Amino acid sequence: MAKIKVKQVKSSIKRTQNQKRTLEALGLRRIGQVVEHDDTPNILGMIDKVKHLVSTVEA
């Protein structure tokens with residue numbers, strides 16, 4: 001299965017609770033932090049919800 005790297009590029013301050021929880025579920029806590037996930041529909045949906053806060057790269 002393909003991997004995808006997700007990097008948080010913007011702060012979660014003044015964001016909705018759903019967006020904060022989505023970032024936490026992805027494992028992101030700080031700006032600049034990078035996590036690696038499998039390229040599944042669940043993960044892609046979560047990334048789509050916070051696409052304005054993160055950047056993605058195929059690993």
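Remarks
- Under Karplus coefficients 6.51, -1.76 and 1.60, residue-wise ³J(HN,Hα) of the stretch 38-45 in Hz, glycine/proline x: 6, 8, 9, x, 5, 5, 4, x
- Net charge in the neighbourhood of LYS5 (other residues with Cβ under 15 Å of its Cβ; Lys, Arg +1, Asp, Glu -1) is -1.
- Degrees separating the helix 17-26 axis from the principal Cα axis of the chain, which is the longest one: 30 degrees
- Rh (Kirkwood; distinct C-alpha pairs) - the chain, Å: 11.3 Å
- Close amide H partners of ALA59, meaning residues 5 or more places away or on another chain with modelled amide H under 5 Å apart, are LYS3, ILE4, LYS5.
- Computed over the chain: relative contact order in percent, which uses C-alpha pairs under 8 Å that are six or more apart: 56 percent
Every number in this text was worked out from the coordinates using simple rules, so none of it is lab data. Note that the structure is a prediction, hence the values are computed from the model and not measured. FYI the Cβ positions are ideal-geometry reconstructions off the backbone, even for glycines, and counts take in every protein chain you see.
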